[in-house]
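What follows is calculated from the coordinates using simple rules that are stated; it is not laboratory data. This structure is a prediction, so every number in the text was calculated from the model and none was measured. Glycine also receives a Cβ, built like all others from the backbone with ideal geometry; neighbour counts cover every protein chain displayed.
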Amino acid sequence: MDKLKDLIAYIAQNYPIKEELSNARLTKIVYLSDWHQALNHQRQITNIDWYFDNYGPYVPDVIRKAQEFPNLFECESTNNMYGKSKTLVRIKDSSFLVELSKEETKSADHIIEITKSLNWNDFIQLIYSTYPITSSTRYSALNLIEKASEYKNI
């Protein structure tokens, strides 16, 4: 079972504003879903080894996974409103049956609900306010399970 592929598909199927689902936003929604799952169930949905990059939690795993399945996902290069390039990720096969547990879809649904109305700046503020980011230094690994345990013991 490929949880990352399933989570990408689930988000792409359920995120209400499709034109905002760029690689950057999608990657951070996956991060938030993993963080929510770590907080509530002491495990991540995906097996991503998260990294605190210059722009918050980032790994190339999400876009690579989407590109790995061209029959399922479309990755379209376009520009944002500032003229900078971005890659939109869309699902081609909306009937794809996602194999996530009820608790995993609950985490993803929660994150979709709290992020869907956020503009980019507010969305990034949310990302930067998460404990794994506030308690770590840039360019370091983010062990979400350990961070969840630390957070609960504060």
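Step by step: first the residues of the stretch 125-154, then only those that are among the aliphatic types (A, V, I, L, M) and within 19 Å of the chain's Cα centre (by Cα), then the one that is surrounded by the fewest Cβ atoms within 10 Å (Cβ to Cβ). Which residue is that? Across the stretch 125-154, the extreme among qualifying residues is Ala141. Selection of the stretch 82-121 for residues being surrounded by 11 or more Cβ atoms within 10 Å (Cβ to Cβ) and charged (D, E, K, R) yields Lys86, Arg90, Lys92, Asp93, Glu99, Glu103, Glu104, Lys106, Asp109, Glu113, Lys116.
Suppose we keep only residues that are under 12 Å from the mean Cα position of the chain (by Cα) and assigned to a strand (DSSP E or B) within the stretch 1-55. Which one would you say is surrounded by the most Cβ atoms within 10 Å (Cβ to Cβ)? Selected residue: Trp50. A single entry from Arg90, Arg43 fulfils the requirement of being of a type in the set (D, E, K, R), in contact with an Asp or Glu (Cβ under 8 Å, 6 or more places away or on another chain) and touching a residue at least 24 places away in the same chain (Cβ under 8 Å): Arg90.
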